[in-house]
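K.L.:
My questions all concern the structure below.
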Amino acid sequence: MKNVFFVRFVSQLGVTASAVTFAMSAHAADPIKISLANWADTQAVTYTAKYVLETKLNQPVTLVVADLGIQFQGVSRGDVDMMLGAWLPVTHAAYYARFKDQMDDLGVIYTGAKIGWAVPDYVPESEVSSIADLNKPDVKSKLNGSIQGIEPGAGEMVASEKAMKEYDLAGYNLVRASEAGMLTAVSRAYQSKSWIVATVWSPHWLWQKYKMRYLKDPKGVLGGDEQIRGFASKQFAQKYPRADAFIKHYKLTLADVEQIELDGNANNDWNAAAKKFVDSHPEKVQAWLQQ
């Protein structure tokens, strides 16, 4: 609307058509607002997209950190332009069902992701190989009746609460924390070789640092392989056509995401990790930027 008023104003002043055209396209310089959570996989994907947008398309980007439900709501209302960390068809299904008609689907960014519960490899598989094994009295005692979780409202926590009921894990406490809190708990457990079961996911740099294994989920409560998709506001494609084309060609592998995560976590510098990956993969960037 701001640009419409400007066009009328400059027309009245007899400004050339080229100036009017420039004014109408000015919002190419408006920052794109991308919403994300402080989860390593989402940071890896989002910061890499941000780096490409800013350095290859000369498109400013503003990042907006928010809980998952607020991300979906923000995109659906146009408060933010896009999000790049939706796990489907299972983990974020409830949010997707609620907001899908108010968003544009940007497509699959990568596949093969999964969520689950995991234990350190030093926990004998003969004693704990499945979620159902958590009901064994000795196992429950060694785990102190605790399952280490992440943020309340996260898709994995919703699924984990369902798993608690499906596997009748009476007496267990699903600890609500954050990704950082979960990782700290795993690190402390490793230092003392104490038992822990944590809500985790792939891709994640955790798998590179610690030897852990997923517990089997015979009831399939936590779902199988997931696709990570991007979603944009209904106005995004018209307002940012080049950025829209880029994101729709933006593809990564699990290995790509974990490598960016490793580099980003090592120095707590996601911008540097994104730059390193982009600079090392010119062929991928070329494919992303086809219009």
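The values are calculated or read from the model by the stated rules, or taken from the named source; none is laboratory data. Note that this is a predicted model, so its numbers are computed, not measured. So basically every Cβ, Gly included, is an ideal-geometry build from the backbone, and we count neighbours across all protein chains shown.
K.L.:
Against the definition (at pLDDT 95 or above, closer than 27 Å to residue 111 by Cβ and assigned to a loop (DSSP other than H, G, I, E, B)), how does residue 45 come out, yes or no? Even if it seems obvious, please write down each step before you answer.
P.N.:
Working: at pLDDT 95 or above: yes; closer than 27 Å to residue 111 by Cβ: yes; assigned to a loop (DSSP other than H, G, I, E, B): no.
Considered against the rule, which asks whether it is at pLDDT 95 or above, closer than 27 Å to residue 111 by Cβ and assigned to a loop (DSSP other than H, G, I, E, B), residue 45 comes out as no.
K.L.:
Could I ask something else about it? Would you point out which residue out of 161, 156 is at pLDDT 95 or above and farther than 30 Å from residue 284 by Cα? Before the answer, list the steps.
P.N.:
On the way: 156 fails: at pLDDT 95 or above.
Of the residues listed, the single one that is at pLDDT 95 or above and farther than 30 Å from residue 284 by Cα is 161.
K.L.:
While we're on this one: Could you give me the residue pairs with C-beta distances under 6 Å whose first residue belongs to segment 98-115 and is under 13 Å from residue 74 (Cα atoms), whose second residue is part of a helix (DSSP H, G or I) wherever it lies, and which are 6+ apart or on separate chains?
P.N.:
Qualifying pairs under 6 Å: 99/72; 99/76; 102/76; 103/75; 103/76.
K.L.:
Whether any residue in segment 159-174 is touching an Asp or Glu at 6+ places or on another chain (Cβ under 6 Å) and under 23 Å from residue 96 (Cβ atoms) is what I want to check.
P.N.:
Going residue by residue through segment 159-174, those that are touching an Asp or Glu at 6+ places or on another chain (Cβ under 6 Å) are none.
For segment 159-174, residues touching an Asp or Glu at 6+ places or on another chain (Cβ under 6 Å) and under 23 Å from residue 96 (Cβ atoms): absent.
K.L.:
Filter segment 111-139 for residues that are of a type in the set (A, V, I, L, M, F, W, C), touching a helix residue (DSSP H, G or I) at 6+ places or on another chain (Cβ under 8 Å) and in a strand (DSSP E or B); which is farthest from residue 227 (Cα to Cα)?
P.N.:
Only one residue tops the list, namely 117.
K.L.:
For segment 256-290, name all the residues that are within 16 Å of residue 109 (Cα to Cα), modelled with pLDDT under 95 and not in a helix (DSSP H, G or I).
P.N.:
290
K.L.:
Pick from segment 174-203 the residues that are in a loop (DSSP other than H, G, I, E, B) and more than 24 Å from residue 92 (Cβ to Cβ): which of them is nearest to the chain's Cα centre (by Cα)?
P.N.:
Step one: list which residues in segment 174-203 are in a loop (DSSP other than H, G, I, E, B), which gives 176-178, 193-197, 203.
If we keep only those that are more than 24 Å from residue 92 (Cβ to Cβ) too, we end up with 193-196.
Numbers: 193: 30, 194: 30, 195: 28, 196: 24 Å.
Across segment 174-203, the extreme among qualifying residues is 196.
K.L.:
Name every residue in segment 52-87 that is in a strand (DSSP E or B) and crowded, with 18+ Cβ neighbours inside 10 Å, in order of residue number. Steps first, please.
P.N.:
Start the filter on segment 52-87 by keeping residues that are in a strand (DSSP E or B), which leaves 61-65, 82-87.
Of everything in segment 52-87, those that are in a strand (DSSP E or B) and crowded, with 18+ Cβ neighbours inside 10 Å turn out to be 61, 82, 83, 84, 85, 86, 87.
K.L.:
Next up: Restricting to segment 145-173, and then to whatever is more than 20 Å from the chain's Cα centre (by Cα) and at positive phi, can you tell me which residue is surrounded by the most Cβ atoms within 10 Å (Cβ to Cβ)?
P.N.:
Going residue by residue through segment 145-173, those that are more than 20 Å from the chain's Cα centre (by Cα) are 145-147, 161-173.
Checking the rest, the ones that are also at positive phi come to 145, 168, 171.
Working: 145: 13, 168: 11, 171: 8.
Among those that are more than 20 Å from the chain's Cα centre (by Cα) and at positive phi, it is 145.
K.L.:
Of all residues being in contact (Cβ under 8 Å) with a residue 60 or more places away in the chain, of a type in the set (Gly, Ala, Ser) and touching a strand residue (DSSP E or B) at 6+ places or on another chain (Cβ under 7 Å) in segment 177-205, which is surrounded by the most Cβ atoms within 10 Å (Cβ to Cβ)? Just the residue, please.
P.N.:
Only one residue tops the list, namely 198.
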